[in-house]
Amino acid sequence: MSAANPPAGGAEPRPPLLALDGVRKEFGGSPVLRSLTLDVAEHEVVVLIGASGSGKSTLLRCINLLEPISDGSIHLDGEHITDPRVDPDGVRRRIGMVFQAYNLFPHMTVLDNITLAPRRVHGRPRAEAEEQARELLARVGLSDKAAEYPDRLSGGQQQRAAIVRALVNTPRLLLLDEVTSALDPELVGEVLTLVQSLRADGMTMLLATHEMGFARHVADRVCFLDGGRILEQGPPEQVLDAPEHPRTRRFLQRFA
Ligand code: ADP
Ligand code: MG
C-alpha cells in the first residue's frame with residue numbers, strides 16, 4: 001500500500017512528513033539544487049536516482065541540516081526546520097542518516113558506536129540505551145558483534161550496524177545516501193534486505209542509490225535528479241521502465 005493514498009472515509013489527508021518547497025542550494029555561487037520541491041508522506045519510500053553530481057547527497061544533507069539552504073524551505077512534521085531559529089540537534093534527533101562509508105567510529109566497539117549519541121547527546125541511561133541497541137542488533141543479525149571493533153566486521157555488517165545506529169533514536173525519517181556503493185557486490189544484498197524490512201515496518205525513507213533493481217523493489221516513488229532538479233518522478237515501473245524524458249532514458253541505459 002502506498003502511504004500517498006488518502007485515508008478512506010473522507011478524512012483529511014495528512015500533511016506530508018517531509019516537505020521541500022522551492023529549495024535552492026548554491027556552492028560558491030553555483031546552483032546545485034534549483035528550486036526543488038518534493039513531498040514525502042509518512043511511511044513512503046522515495047528513491048533518488050541520477051548521475052554523479054546531480055545533487056542527491058546535497059539534497060539529503062540539506063534535509064539533515066548539515067548544509068544551509070540558499071532559498072526555499074523544508075518542513076518536517078509540519079515544523080519549519082530551515083528557520084534559522086530552529087535547534088539543528090533537535091531536528092537531527094528525529095532524522096536518521098547513513099552515508100556511503102565510514103559511518104562508525106573505528107576506536108569504539110559496535111555497541112559504544114550505537115549508544116554514544118543516546119547517552120552523550122540525549123542523556124539516556126547507559127543500561128537503557130544498551131538494551132535497545134542489543135535488541136536492534138539482534139534484529140539485524142549482529143548480536144555477536146556488539147563487543148567488536150568496526151574493522152573486525154565486513155563492510156555489509158558495518159553498514160547494518162550504521163543503520164542500527166541511525167535507528168536508535170526511533171527517527172521519524174531515515175535518509176540513506178548510497179549505503180551500498182562502497183560494498184563488494186556479494187555484501188550488497190544483506191544491506192538491501194535490511195532496508196526492505198524497515199520498509200515493511202513502515203519506516204519513512206528517502207534514499208539515494210545506484211542500484212536500480214533495489215530502487216524498483218523498495219520505492220513507492222522514484223525521482224530522477226538532473227542538474228539539481230527533479231526532472232521526472234513517479235512509480236518505479238513508470239520512471240524505470242517507461243521514462244518520459246530523454247535524459248532519464250539516457251541515464252538508465254547505463255544500467256541496462
Ligand atoms: P550526487 O550525490 O548526486 O553525486 P552531490 O550532491 O554530491 O551530487 O554534488 C552536487 C554538486 O555539488 C556537484 O557539482 C558537487 O561538486 C557540488 N558540491 C557538493 N558538495 C560541495 C561542497 N561542499 N562545496 C562545493 N561544491 C559541492
Ligand atoms: Mg552522492
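The values are calculated or read from the model by the stated rules, or taken from the named source; none is laboratory data. Everything numeric in this text was worked out from a predicted model, so none of it was measured. FYI the Cβ positions are ideal-geometry reconstructions off the backbone, even for glycines, and counts take in every protein chain you see.
Worth a mention:
- Region 187-199 residues that are in contact (Cβ under 8 Å) with a residue 60 or more places away in the chain, paired with ones that are crowded, with 19+ Cβ neighbours inside 10 Å and assigned to a helix (DSSP H, G or I) (beta carbon under 6 Å, 6 or more apart): Arg199/Val218
- Taking region 1-118 and the strands (runs of 3 or more DSSP E) fully enclosed by it, the elements with 3 or more residues that are away from ligand 2 (no atom under 16 Å from the Cβ) are at 18-27, 30-40, 71-76.
- Selection within region 101-151: residues that are over 23 Å from the mean Cα position of the chain (by Cα) and among the hydroxyl-bearing types (Ser, Thr, Tyr). The member of this set that is nearest to Asp201 (Cα to Cα) is Ser143.
- Test: Thr209 is closer than 22 Å to Gly53 by Cα, of a type in the set (S, T, N, Q) and modelled with pLDDT of 95 or more: yes
- Residue match in region 192-209 (condition: more than 16 Å from ligand 2 (Cβ to nearest atom), in contact with a strand residue (DSSP E or B) (Cβ under 8 Å, 6 or more places away or on another chain) and not hydrophobic (A, V, I, L, M, F, W, C)): yes
- The number of residues in region 173-202 that are more than 16 Å from ligand 1 (Cβ to nearest atom), of a type in the set (Val, Ile, Thr), under 29 Å from Ala19 (Cα atoms) and surrounded by 18 or more Cβ atoms within 10 Å (Cβ to Cβ) comes to 2.
- When the residues of region 207-226 are filtered to those that are farther than 19 Å from Gly189 by Cα and within 14 Å of ligand 1 (Cβ to nearest atom), the one that is farthest from the chain's Cα centre (by Cα) is Asp226.
- Filtered residue count, region 35-92, keeping only those that are more than 16 Å from ligand 1 (Cβ to nearest atom) and either aromatic (Phe, Trp, Tyr) or under 26 Å from Leu167 (Cβ atoms) (or both): 22
- Listed by first and then second residue, the pairs with beta-carbon distance under 6 Å, at least 6 apart or on different chains, first residue in region 201-212 and within 21 Å of Ser181 (Cα to Cα), second modelled with pLDDT under 95 and of a type in the set (Phe, Trp, Tyr), are Met212/Phe255.
- Check on Gly141, without any contact (Cβ under 8 Å) to a residue 12 or more places away in the chain, surrounded by fewer than 20 Cβ atoms within 10 Å (Cβ to Cβ) and either acidic (Asp, Glu) or away from ligand 1 (no atom under 16 Å from the Cβ) (or both): no
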